[in-house]
Each structure stands twice: as C-alpha cells, then as structure tokens.
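The values are calculated or read from the model by the stated rules, or taken from the named source; none is laboratory data. These numbers were taken from a predicted model, which means no experiment stands behind them. Note that each Cβ is placed from the backbone with ideal geometry, even for glycine, and that neighbours are counted across all protein chains shown.
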Amino acid sequence: MSIEYVDMPAERTDMGGYTLTEHASLATLNTLRVPARTNLLADIRDAAKLPELLDFPAVRQGRLLVLGEGSNVLFTSDFNGTVLLMSTRGVQVENDGDSARIAVAAGERWDDFVRWTLGQGFAGLENLILVPGTVGAAPIQNIGAYGCEVAEFVESVEAWDIHERRVVTLEHATCAFAYRDSVFKHEPGRYIVTAVRFVLPRSRPLCTDYAGIAEELRRMAVDTPAPFHVAEAVVRLRTRKLPDPAVIGNAGSFFKNPIVDAALAGALKLEHPELPAWPQTGGRSKISAAWMIEAAGFKGLREGDAGISNRHALVLVNHGNASGSQLWALAQKVMLGVHEKFGVQLKPEPVVIGAR
C-alpha cells in the first residue's frame, strides 16, 4: 500500500536558540529517504535552551525522538510527537600533551570530527572514518567499524536527564558500553546527549588486522602506516563496499553481527567452515551476518523499490520510492530466512519507528 501525503503548510518559528516547525516532513532527514512526518520538529542550536523547549506542553506531554543525521533510523510510519534535531556545534581541546581531552558538541558531524582529529595529529578514530551520523549519536550506538569501537575513547558523556531535569555527566563505566549498545539504549527516552568528552592519544598501536586493511595498505605501498594512512585505507574499503547514501537511500549496516554462545558457534563452524567468526569474552563468538544473509540468497534481492544491496549484504537500500513499511517487511523476510537456515536471530542496528 502506498502512502500519499497531503501538502500541509509548515509553520516555522524561531525561538532564539532553537526553531520549531509544525507538520514537518522527515523525508530529507533520514538517509533511507522514506516519507514520514512529525507533529513538531525542534531544531536546537543552543543546548542551554533544552529545558525551555522540553517545558512546552506539546513536547512534555507527547513522544520525543532525538534525531542526528537520520542515518540510524527507519520510519515505518509518521511520528506522532516531537522530533528533536541537535544542531549544536563546537570542539574544545581541554589539555594537549601525549593525549588530549576533547569536548565535542553533540551536533557535530562524526566524520568531520574524525577528519579534524587526524589533521590535529591525534590517533584512535582513524578506523571510524566515514561512519555516518553525529557525535552525539556515537556513544548511544557505540559505533564501531574495522575492529574498533568508539567506547574505547569516550571518557564521559554530558546529557540532559529528562527524569531528573538536570544536566548530568555519565562517566565511561556508567555508560555500560557493549557491542552496538550502551545505557542510552537500555534507558530509552531518559537522556538527551549534549556533548561527548574523548581522550585521544598522539600515538598508539594501529588496528590494521581487520577486514582487509593490511591488504589495502600494501596496495597503497605503505610499509610504515600512520593513522591517516589507515583512514585512507578504510575510506577506500568503505567506498568500494558500501553504497553512498547520497546516491541510493540506505542506513549503512542494517543488521548487527550476532554474538552467539560457544556451542552454537561451534556447530555452525563445523557445518560452515567458511563462516567468519570472531572470539568474544566468555567463550562466545561474533559471527558474520553478511555471510549468512548472502548464503541464504538475499544479497542483491529487490522487491519493488526495497532491496538488499548487491555490494554488501548488510545494507538495506531504497531504490527510489520504497516506504518504510516496505523496507521493514523486506528486512523481516531476511531475518526470518537467516533464522530458518542457520538458527540465528538477526537484529536491526537502526531504531525502527512505528513497527508493530
């Protein structure tokens, strides 16, 4: 069933520090490019204005969704509530020696920040270049790529605590980081991240033994790599493997790599020796969702304008005019097929809004 939207005049009001737009379209605010609307869109440029904004009856009494670049969300329906865009900016180096504490506003683009750190001579985030989204979203998802996770470099997260109605600082241990997980996911709707404080070294061992980085460095004729070499290798790998959201709608990796117990991992490896697996704590293993999706025959599948990328099996794509519900139906089909073939339940990385 296709969804038709009646054009409604968007009423936009600048409140000083933030802007409110009624009946706002979200089509350009999510990288899967699905049509959706929200009752109220709040674009905030000054985090100090959050208490004032959240005190509006329409905001306080309704649902609230904090949206970064929309690269980790799938709208299967309109959002009946307020969507909050964090557009705050600022990067502050608090001390600088062998390592530095760097405070970054939540609205900064993640990739811009990574490139800034490389330009300043810091190490650590080079494997996370080209990951879409904002700095504020990074600790929520505990973003990771090519063998690295952002949690390693997060000292603390500043957030507005909706329950306590005050600014709080969550130290690293309190954030409860895990694979694509954090306390922010365990307590949804409680925290609005306003800034992240990182500790980045000037020098550290590079992570080059994951997913083709060493091979790419050899192709680049780099014998003694620096962080910027690793970043370039990752850019080349990601550009070849992952479709560009500017060209075709997608949210990057849509499915998480499942972490399974030792018995299941052993049984799967015995039956499928070529299945990539990475040891985890407690004898568990993280296994490749992409490999299972491809082995189940879903890579490159297209149903209408909803599809699985023919370049990378983890990526759900919108070939043009797919609705969120059509994309979610295809994702569920993939998860069911993998479960039937391998006995493994895949889970989506993005937040799925409106799914039943």
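When the stretch 308-334 is filtered for residues that are of a type in the set (Val, Ile, Thr) and more than 17 Å from residue 238 (Cα to Cα), only 334 remains. For residues in the stretch 247-260 being under 21 Å from residue 29 (Cβ atoms) and over 16 Å from the mean Cα position of the chain (by Cα), which is surrounded by the fewest Cβ atoms within 10 Å (Cβ to Cβ)? Selected residue: 247. A search for C-beta distances below 8 Å between a residue of the stretch 324-342 that is without any contact (Cβ under 8 Å) to a residue 60 or more places away in the chain and any residue that is among the β-branched types (Val, Ile, Thr) and surrounded by 19 or more Cβ atoms within 10 Å (Cβ to Cβ), counting only pairs 6+ apart in sequence or on different chains, returns 330/308; 338/293. Residues in the stretch 7-45 that are in a loop (DSSP other than H, G, I, E, B) and under 21 Å from the mean Cα position of the chain (by Cα): 26, 30, 31, 32, 33, 34, 35, 36.
Being of a type in the set (A, V, I, L, M, F, W, C), surrounded by fewer than 21 Cβ atoms within 10 Å (Cβ to Cβ) and under 21 Å from residue 140 (Cα atoms) is the filter here, so list the residues in the stretch 19-45 that pass it. Across the stretch 19-45, the qualifying residue is only 29.
Test residue 237 against the stated conditions and say whether it is under 17 Å from the mean Cα position of the chain (by Cα) and outside the structural domain of residue 97 (by TED's automatic domain parsing). If you could, list the steps in order and put the result at the bottom.
Details: under 17 Å from the mean Cα position of the chain (by Cα): no; outside the structural domain of residue 97 (by TED's automatic domain parsing): yes.
It is false that residue 237 is under 17 Å from the mean Cα position of the chain (by Cα) and outside the structural domain of residue 97 (by TED's automatic domain parsing).
Checked across the stretch 217-226, the condition of being touching a Cys at 6+ places or on another chain (Cβ under 7 Å) and not assigned by TED's automatic domain parsing to the domain that holds residue 279 holds for no residue.
Return yes when residue 222 is at pLDDT 95 or above, farther than 17 Å from residue 126 by Cα and not in a helix (DSSP H, G or I) and no when it is not. In short, no.
Contact map, the stretch 45-58: first residue without any contact (Cβ under 8 Å) to a residue 60 or more places away in the chain, second residue surrounded by 12 or more Cβ atoms within 10 Å (Cβ to Cβ) and in a helix (DSSP H, G or I), Cβ cut-off under 8 Å, separation 6 or more or different chains; pairs are 53/59.
Go through the stretch 133-192 and count every residue that is among the hydrophobic types (A, V, I, L, M, F, W, C), assigned to a loop (DSSP other than H, G, I, E, B) and crowded, with 21+ Cβ neighbours inside 10 Å. So the answer is 3. The single residue among 304, 283 that is surrounded by fewer than 17 Cβ atoms within 10 Å (Cβ to Cβ), under 24 Å from residue 356 (Cα atoms) and either touching a residue at least 24 places away in the same chain (Cβ under 8 Å) or not assigned by TED's automatic domain parsing to the domain that holds residue 76 (or both) turns out to be 304. Among the residues making up the stretch 193-217, a single one is over 20 Å from residue 145 (Cα atoms) and surrounded by fewer than 19 Cβ atoms within 10 Å (Cβ to Cβ): 202.
The set of residues from the stretch 193-211 being of a type in the set (Lys, Arg) and not in a loop (DSSP other than H, G, I, E, B) comprises just one member, 197.
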